[in-house]
1. For segment 69-84, which positions are free of Cβ contacts under 8 Å to residues at least 24 places away in the same chain and under 14 Å from the mean Cα position of the chain (by Cα)?
2. Within segment 45-100, can you find the residues that are surrounded by 11 or more Cβ atoms within 10 Å (Cβ to Cβ) and of a type in the set (Val, Ile, Thr)?
3. Looking at segment 22-30, can you tell me whether even one residue there is part of a helix (DSSP H, G or I), of a type in the set (S, T, N, Q) and more than 19 Å from the chain's Cα centre (by Cα)?
4. Answer yes or no: is there a residue in segment 48-63 that is of a type outside the set (A, V, I, L, M) and within 15 Å of the chain's Cα centre (by Cα).
5. I'd like to know if segment 68-83 contains one or more residues that are closer than 21 Å to PHE132 by Cα, of a type in the set (Lys, Arg) and at pLDDT below 85.
6. Considering (1) in contact with a strand residue (DSSP E or B) (Cβ under 9 Å, 6 or more places away or on another chain); (2) modelled with pLDDT of 90 or more; (3) over 21 Å from VAL134 (Cα atoms); (4) among the charged types (D, E, K, R), say which one GLU49 fails and leave the rest.
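The values are calculated or read from the model by the stated rules, or taken from the named source; none is laboratory data. All values reported here derive from a predicted model rather than from experimental measurement. Cβ sites come from the backbone with ideal geometry, for glycine too, and all protein chains shown count toward neighbours.
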Amino acid sequence: MRDAFGGIVNIAIIVVFLVIVSGYLAFNVNYTKAFRVKNKIISTYEEYEGACQQPNGDCRTKIREYINDVGYNAGKMRVSDTSFACQDEGYCVKKVRDTTITDGEERAHFEIITQININIPIINNIMGLSIFQVRGSTKTIVIPS
């Protein structure tokens, strides 16, 4: 009887270990995707000088194509800060104007949030999605008038 109980415990330990390692690997893969997408969005916003508001513009098309190429799928984003504008592609953007305006030029930077897509209902209900978000911001951009 002792050997049978020891075998079941060993199998349970192995299964728990495999679940933990698999979950860790899945989280790292999704974190890497979210981080790469955030960096691409930041560089695209800097390249187009913040002109990414048009849904079918070149900037948004470039971001959308990269998101599809990488396989990033965040679905509906939820951000507690209502000043962020969440896009259909799975990221949120907030324009932060700098207070110093010289020579009639507007200076601003954009804050970007992407989401790590871990779709485990129990963990999402307990911890919330705000823990699984990656934030970044662009450099100060001179917005043409």
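1. Listed by number, the list holds a single entry, LYS76.
2. Scanning segment 45-100 gives THR61, ILE63, ILE67, VAL70, VAL79, VAL93, VAL96.
3. Checked against the condition, which is being part of a helix (DSSP H, G or I), of a type in the set (S, T, N, Q) and more than 19 Å from the chain's Cα centre (by Cα), segment 22-30 yields at least one hit.
4. Checked against the condition, which is being of a type outside the set (A, V, I, L, M) and within 15 Å of the chain's Cα centre (by Cα), segment 48-63 yields no hits at all.
5. yes
6. (2)
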